[in-house]
1. If Leu459 meets every condition in (1) among the aliphatic types (A, V, I, L, M); (2) at pLDDT below 90; (3) under 22 Å from Phe409 (Cβ atoms) apart from one, which number is that one?
2. Cβ-Cβ under 8 Å, sequence separation 6+ or interchain: first residue in the stretch 377-390 and in a loop (DSSP other than H, G, I, E, B) and among the basic types (Lys, Arg), partner at pLDDT below 75 and surrounded by fewer than 16 Cβ atoms within 10 Å (Cβ to Cβ). Which pairs?
3. Pairs only if they're at least six apart or on different chains, beta carbon under 7 angstrom, first in the stretch 94-116 and within 8 Å of Ala131 (Cβ to Cβ), second surrounded by 12 or more Cβ atoms within 10 Å (Cβ to Cβ) and of a type in the set (Gly, Ala, Ser); list them, first residue then second.
4. Suppose the filter is over 32 Å from the mean Cα position of the chain (by Cα), among the hydroxyl-bearing types (Ser, Thr, Tyr) and at pLDDT 75 or above; does Ser637 pass it?
5. Looking at the stretch 534-547, which of the residues that are buried (at least 19 other Cβ atoms within 10 Å of the Cβ) and hydrophobic (A, V, I, L, M, F, W, C) is nearest to Arg511 (Cα to Cα)?
6. Find the residue count for the stretch 626-649, including only residues that are surrounded by fewer than 20 Cβ atoms within 10 Å (Cβ to Cβ), assigned to a helix (DSSP H, G or I) and either touching a residue at least 60 places away in the same chain (Cβ under 8 Å) or in contact with a Leu (Cβ under 9 Å, 6 or more places away or on another chain) (or both).
7. What are the residues in the stretch 64-113 that are among the charged types (D, E, K, R) and part of a loop (DSSP other than H, G, I, E, B), if any?
8. Within the stretch 117-126, does at least one residue satisfy the condition of being over 27 Å from Trp197 (Cβ atoms) and of a type in the set (Gly, Ala, Ser)?
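The values are calculated or read from the model by the stated rules, or taken from the named source; none is laboratory data. Note that the structure is predicted; figures quoted are calculated from it, not measured. Cβ placement follows ideal geometry from the backbone for every residue including glycine, while neighbour counts extend to all protein chains displayed.
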Amino acid sequence: MKRLVNSLSVQKPSIETLITQNHHPRALKYSLSLFSPILTDQIYSVFIKNGHSLDPLLSTTLISHFSKIGDFSRAFSFLFDTRNPDIITYNALLSGLARFRLPGSVYVLFDQLRHQGLKPDSFTLSSLVKACESLEENEIVHGVCLRLGFGCGAYLVSGLVENYSKIGDIVSAEKCFRECLGVDNVVYTAMVCGYVWNGEFEKSKGVFMEMSGFGFELNEFTLTSVIGALFDVKEGEQIHAFGVKMGLLSNHLNNAVMNMYVRCAKIFDAVKVFDEITDPDVVSWTERIGAASDGVEALELFKFLIFNGFEINEYTMTNVLSAISGERLLKPGKQIQGFCYKAGFFEMPNNYTMASILDAVSNSKSPKLAMQSHSHIIKVGFLSDDSMVSCLITTYGKCNGINESKRIFYEIDRKQASHVNALASALVFAGCHADVLEFFRNVRSSYAEVDSSTFSITLKACGAMTDLGHGRSIHSLALKTRFDQDSFVESAVIDMYCKCGSIEDAEKAFRNTSTDNLVAWNAMIMGYAQQGCYHEASNLFNKMSRFGLKPDEITYLGVLTSCCHAGFAREARTYLDGLVQDAKKTIDQMPISPDAHIWQILLSACNICGNVDLGKVAASKLLELEPDNESAYILLSNLYASAGMWNAAGNLRKEMKEKLLRKEPGSSWIQVGGSTYYFFAGDTLHPQSKEIYKELMKLYEQMLASPELEKLVLFLDDSIGSHLDLCGN
């Protein structure tokens, strides 16, 4: 006793006084402020020796303290020593166990307090809700809440909604939300989050608008949740402005705003938000890396984090790897891989990390990497995650492993729409378009889940095969099931009809779409371009401003393509005037590394408007990604020739010959009797080619005799005439 008092006198004279005056309960409470569990044990021993016993009030204080720091052995010992513990004492321990994700201990302790005859309150049940980790557990706890009369209270509903949403049962989350009595802003925020987590972005925005309309307080957590559902930069800017106006711009919200701007390809705005953050945390820096203009800048930002002692997490690593993956920065990539191993990120990755790795593997198109990633997913136990399985199915499809994609899909016991869409996408990536239709029929007959994405993918496959009959059938089914009202299905229908050559059906479908669907407008303009309908494409482009729609790069590409196909070079230059430099800025600000297709579009645009300097940059970037891309050589050669740079044009043509590069010839098709026939210029492979060319000769002679078509005949190449001579053989 004397030795203990002496040790206390060194640390805190007031505790010495309390013990010598036999104020042991107060000394015990005071010891907690010193954060010394051993000292608390010593004082507790003196406390017991002097004939004291724990009452519920003192016990709750001790249990709450040790539960918060995760010392549950001491917390349980205090509970067992307590005389007649009440529900508040149990709640203190349950709260700590739930916070540290120990559901087994929570359920055991809950049963124990029921056996003691104690009646659970809302705080007790909230700990049970927090401890749930599976759908079955959440449903059981939800039932307990309802039986005890707490199932519709706002305090518990927010947790139940969050649990159902995280598990993916958004229907149960909605039901729970709508049945809530006394709904508040916390419950609304939970529902907004739930929709975002499950990809129901329009519903998320709808609940947010409902919440705002009812006058509930919008805090930083609500704004952070809804901004995750926004892909329209105008809507995002409104939320950002509201946050600024109300003084809600914490790091948490600023980080979400940056992420939104990156998603919407507004990189400059994302960087501006970052520059205005007074004390950016590691999440802020992670988002800034995601907004990097290229892999080199991302690496420099990453080095800054390392040298300044920031605690790097797996999200930071994923953003860095994504930034450098398309730029052939192999050496830095290997160094970062080594850093990941050293930091232990590969020992226990999370779903987000593995999904990013699968995305990188998909871009590599390596079957070996796909199999290695698959093995690792099994090893770390993520194969039970539905989203991970979907990613894996798609990855194999992109890596020439469609049979493995099918095997994984058919081994799933409870198939969901995400699994169906993953395999349908994998089949499209693998070029198995006919298999998509057969798969769609099988899915429908087996009553498996489908959604709007399933219809969009199937319609895409019909367009790729130019299968008008099946395309119409899928469209009809979409109308019956009301999936046609989805904006992506609307655009997919238009695109399918255009690719199948039925421009009238495409126009009819377009007239039935919502006027604010930019994707549908782009699909119609691109359809006109594919069919050589310049005037229709131009008129539709000019109508966009009347409906308040702002053209994007796809819109301009469609109009320019229609100009090129129709031979209207001057009109193309009119549309393109001043836009080429803007296009280059847009490419520089893209959240992902631009692929070969993007650079080819820019090169084509430069060819039209005669911008040699920018055209050389675009061609250089294109050939870095695809060294044997014959279109890059031809477009740049034509650009040099139009600028009078004949030597440069000749050298490119010579280089093409040395590399044995030649442009793939264009083809046409026609459907007769349910069969599709493809043919090339001068094609004689068809068994009825002589009859076909005889008919063409008749048409050719009629054209020669027609004054209206005389100018068109002058454009015919001599080679065409030589092929028509086959008629005489």
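1. (2)
2. none
3. Close Cβ pairs (under 7 Å, with a partner that is surrounded by 12 or more Cβ atoms within 10 Å (Cβ to Cβ) and of a type in the set (Gly, Ala, Ser)) amount to Leu97/Ser105; Ala98/Ser127; Ala98/Ala131; Pro103/Ala131; Val106/Ala98; Val106/Ser127; Val106/Ala131.
4. So Ser637 fits the description; yes.
5. Checking each candidate, the answer is Leu540.
6. Of the residues in that region, 5 qualify.
7. Asp71, Asp81, Arg83, Asp86, Arg101 - these are the residues of the stretch 64-113 that are among the charged types (D, E, K, R) and part of a loop (DSSP other than H, G, I, E, B).
8. Among the residues of the stretch 117-126, at least one is over 27 Å from Trp197 (Cβ atoms) and of a type in the set (Gly, Ala, Ser), which makes the answer yes.
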